[in-house]
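Q: Here you go, one structure.
The values are calculated or read from the model by the stated rules, or taken from the named source; none is laboratory data. Note that the coordinates shown come from a computational prediction; the quantities given were computed from them, not determined experimentally. Backbone-built Cβ (ideal geometry, glycine too); neighbour counts: all protein chains shown.
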Amino acid sequence: MASKTLKEYKVVVAGAGGAGKSCFIIKFVTGVYTGAYDPTIEDAYRKVYTVDNEVVLFDILDTAGQEEYSAMREQYMRTCEGMIIMYDITNRISLDLIHVLQQQLLRVKDTDYFPMLIVGHKSDEHGDRKVSTQEGMVIASQIGCGFLEASAKNGVNVERAFFDIVREIRKYNQKKSPIRTRITGEHGSSSSCPRRSRRSCQGLATSRSSCRCSMRNVRHSLGCRLLKRAYQSRSDALREGC
């Protein structure tokens, strides 16, 4: 019943293997932190939350970060509405996949922009940090999307990450909706003729007016001929009488 009444958002969490995508999602969905690393092929989670006074249904896909599963990326990119791209602040190599995922997503969606959020995970591991906060911010700025550092272990910015991607999806959808409104009209129907249609309507009215004028001319001409014939017959009859 919930899926029929709630607004649903399809969110994909992608990134390098070992970045902590699964424990990040599980923390958001269940509130429990699971520190054990278990490589994921693909898992789906659903959770109802209230985002900015709107009750929504999160449909979250946890994806594989290993290169051997890269062929599966386009499949989930086609159906998602927004993507969280995660890297591990303790592993510089995990940065390499950010631009790869971003470019692939834009290509699959055939667009120059799509809702994305960069998340630098494991912000609690200060002593092992290999990627500075500024580096993450620069990458996000280059891509043109939001940026957060987060920690599933400490529960820092976990909810905010998912809420922010929903807000990005909303803004993206709002930018698209005026285009549909201009095409279909404010209420989804063409209550008034578009410019081209009005010309057609005017042309049709002119055509009908011309037809009415033509019919009047025909009736007038026919009436004249009948009167002429009647007058001629009366004259003939008078001559015969004489």
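Q: Quick one: count up the residues across the stretch 126-151 that are under 23 Å from residue 81 (Cα atoms) and outside any helix (DSSP H, G or I).
A: 7
Q: Given the conditions (1) without any contact (Cβ under 8 Å) to a residue 12 or more places away in the chain; (2) more than 21 Å from residue 160 (Cβ to Cβ), which single one is not true for residue 91?
A: Of (1) without any contact (Cβ under 8 Å) to a residue 12 or more places away in the chain; (2) more than 21 Å from residue 160 (Cβ to Cβ), only one is false for residue 91: (1).
Q: While we're on this one: Within the set of pairs 6 or more residues apart or between chains, which connect a residue that is assigned by TED's automatic domain parsing to the domain that holds residue 49 and free of Cβ contacts under 8 Å to residues at least 40 places away in the same chain inside the stretch 150-174 to a residue that is part of a helix (DSSP H, G or I) and not acidic (Asp, Glu) with Cβ atoms less than 8 Å apart?
A: Close Cβ pairs satisfying both conditions: 151/158.
Q: So, one more: Could you tell me whether the stretch 182-203 includes any residue that is part of a loop (DSSP other than H, G, I, E, B), within 16 Å of residue 89 (Cα to Cα) and either hydroxyl-bearing (Ser, Thr, Tyr) or modelled with pLDDT under 95 (or both)?
A: Looking only at the stretch 182-203, we keep the residues that are part of a loop (DSSP other than H, G, I, E, B), and these are 185-194.
Now narrow it down to the ones that are within 16 Å of residue 89 (Cα to Cα): none.
No, because not a single residue in the stretch 182-203 is part of a loop (DSSP other than H, G, I, E, B), within 16 Å of residue 89 (Cα to Cα) and either hydroxyl-bearing (Ser, Thr, Tyr) or modelled with pLDDT under 95 (or both).
Q: Identify the single condition in (1) at pLDDT 95 or above; (2) within 25 Å of residue 172 (Cβ to Cβ) that residue 27 does not satisfy, given that it satisfies every other one.
A: (2)
Q: Can you tell me which residue is nearest to residue 27 (Cα to Cα) among those in the stretch 101-139 that are buried (at least 21 other Cβ atoms within 10 Å of the Cβ) and either modelled with pLDDT under 95 or aliphatic (A, V, I, L, M) (or both)?
A: Per the stated criteria, the residue is 119.
Q: Residues to consider are 61, 105; find the one that is farther than 19 Å from residue 171 by Cα and out of contact with any Pro (no Cβ under 9 Å at 6 or more places or on another chain).
A: Of the residues listed, the single one that is farther than 19 Å from residue 171 by Cα and out of contact with any Pro (no Cβ under 9 Å at 6 or more places or on another chain) is 61.
Q: Which residue out of 63, 50 is polar (S, T, N, Q), at pLDDT 95 or above and touching a strand residue (DSSP E or B) at 6+ places or on another chain (Cβ under 9 Å)? Before you say what the answer is, go through the steps one by one.
A: On the way: 63 fails: at pLDDT 95 or above.
After ruling out the rest, the residue left standing is 50.
Q: Anything in the stretch 8-22 that is at pLDDT 95 or above and surrounded by fewer than 21 Cβ atoms within 10 Å (Cβ to Cβ)? List them, or say none.
A: Matches in the stretch 8-22: 8, 10.
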